[in-house]
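Everything below concerns the one structure shown next.
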Amino acid sequence: MSPKILIIGACGQIGSELTLNLREKYGENQVIASDIREGDETLMASGPFEILDATNTSALEDVILHYDIDQVYLMAAMLSATAEKFPMKGWQLNMNTLFNVLNLAKDQKIKQIFWPSSIAVFGPSTPKENTPQQTIMEPSTVYGISKQTGERWCEYYHKRYGVDVRSIRYPGLISYKTQPGGGTTDYAIEIFHEALKHKKYTCFLKENTALPMMYMDDAIKATIQIMSAPIEQIKIRSSYNLSAISLTPKKLSEAIKKHLPEFEIDYKPDFRQAIADSWPASIDDSPAKQDWNWKHQFDLEQITEKMIEGLTPKVSIDYDY
Ligand code: VAH
């Protein structure tokens, strides 16, 4: 029997692709998409949708009971760069939504939760290369602090109340299907739009800023994989490290130039450089490999090909950062 799923934040960078993938896997009417505003026409035409502010406890509970939801994917969050501009709003959105969903599970109103963490839980004192699953974690961004705290609460609710909450520390995610949402790693998406539109890009990070990155298809695969794994395989209830590639703006621009030889890049670091400098360069995800057979598929060349193929026919999206 397929689970009845609610996706909170279904119009976001991950949420919109996750919704379409889960509908393909379980059937469109098994997956209720929700967000604080409507999404693009593809998403809105793909199945049931609810306008929902998941910080509103009673509104969330109404949707859960109305549709008899089994699983919640909580994909709504304020990302790193935006949360530095609005610290208290970022904290409230990221934490209140999590508590609302954890308490519904504690009260047995839902059976399973997916909650996204991030490599942003690591900070300047964390070992940067091949960062292990357990290490020093002193995040220096609002977003990272909210994700580290969220991981502690997920593990607490699992141990104290038996809540089946599962989580992944996503690296930076690269996709052509949705606009980026205020993240520090989003240079790796903008660069493709600008390369195709203007043949040049001014990067807001320094050329050798190495960050863990992943193609969105790999991130969606990992999300569905951890939620489908037998419960005894999930041994970490804070959040699993997840890794694919380690990427710098320089390496990415060189990969793009193989397809667009006239592409040019220059560098004008802004406030996001300090955020990126506080994060690891690469991640050790061996626990995810061991516990639930994780393995990434897309390397830099394949990501570059997918992004250029995917964006070329599309009208480029303007950014207003
Ligand atoms: C951000 N894309 O840049 C997110 C992500 C690891 C970075 O969490 O904020």
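For residues that are more than 16 Å from the ligand (Cβ to nearest atom) and of a type in the set (Val, Ile, Thr), scanning just segment 212-233, find the one that is least open to solvent (accessible area, probe 1.4 Å).
Among those that are more than 16 Å from the ligand (Cβ to nearest atom) and of a type in the set (Val, Ile, Thr), it is ILE226.
Of the numbered conditions (1) among the polar types (S, T, N, Q); (2) under 30 Å from GLY310 (Cα atoms); (3) more than 8 Å from the ligand (Cβ to nearest atom), THR185 satisfies every one except a single condition; which is it?
Of everything listed in (1) among the polar types (S, T, N, Q); (2) under 30 Å from GLY310 (Cα atoms); (3) more than 8 Å from the ligand (Cβ to nearest atom), THR185 misses just condition (3).
If a residue counts only when it is touching a residue at least 40 places away in the same chain (Cβ under 8 Å), surrounded by 16 or more Cβ atoms within 10 Å (Cβ to Cβ) and among the aliphatic types (A, V, I, L, M), which helices (runs of 4 or more DSSP H) contained entirely in segment 234-321 have at least 2 such residues?
Once the helices (runs of 4 or more DSSP H) in segment 234-321 are filtered for at least 2 residues that are touching a residue at least 40 places away in the same chain (Cβ under 8 Å), surrounded by 16 or more Cβ atoms within 10 Å (Cβ to Cβ) and among the aliphatic types (A, V, I, L, M), what remains is 249-257, 272-277, 300-311.
On the given criteria, is LEU196 in contact with a Leu (Cβ under 6 Å, 6 or more places away or on another chain) and either open to solvent by 10 Å² or more (accessible area, probe 1.4 Å) or under 18 Å from GLU17 (Cα atoms) (or both)?
When the stated conditions are applied, LEU196 passes them.
Would you confirm whether any residue within segment 87-106 is more than 22 Å from the chain's Cα centre (by Cα), on the phi > 0 side of the Ramachandran plot and in contact (Cβ under 8 Å) with a residue 12 or more places away in the chain?
No - not one qualifying residue is present in segment 87-106.
With respect to SER118, determine if the residue is within 16 Å of the ligand (Cβ to nearest atom), of a type in the set (Ser, Thr, Tyr) and in the same structural domain as ALA77 (by TED's automatic domain parsing).
Yes: the conditions hold for SER118.
With the requirement that a residue be of a type in the set (Val, Ile, Thr) and either touching a Ser or Thr at 6+ places or on another chain (Cβ under 7 Å) or surrounded by fewer than 24 Cβ atoms within 10 Å (Cβ to Cβ) (or both), what does segment 1-13 give you?
ILE7, ILE8
Which one of THR209, THR184, THR202 is in contact (Cβ under 8 Å) with a residue 60 or more places away in the chain, surrounded by 24 or more Cβ atoms within 10 Å (Cβ to Cβ) and outside the structural domain of GLN133 (by TED's automatic domain parsing)?
Step by step, each of THR209, THR184, THR202 is checked, and only THR184 is in contact (Cβ under 8 Å) with a residue 60 or more places away in the chain, surrounded by 24 or more Cβ atoms within 10 Å (Cβ to Cβ) and outside the structural domain of GLN133 (by TED's automatic domain parsing).
The values are calculated or read from the model by the stated rules, or taken from the named source; none is laboratory data. Here the structure is a predicted model, which means the values were calculated and not measured. No Cβ is skipped: glycine too gets one built from the backbone with ideal geometry, and neighbour counts run over all protein chains shown. In case anyone asks, the SASA skips ligands and DNA or RNA and just uses the protein heavy atoms, side chains included. Shrake-Rupley method; radii C 1.70, N 1.55, O 1.52, S 1.80 Å.
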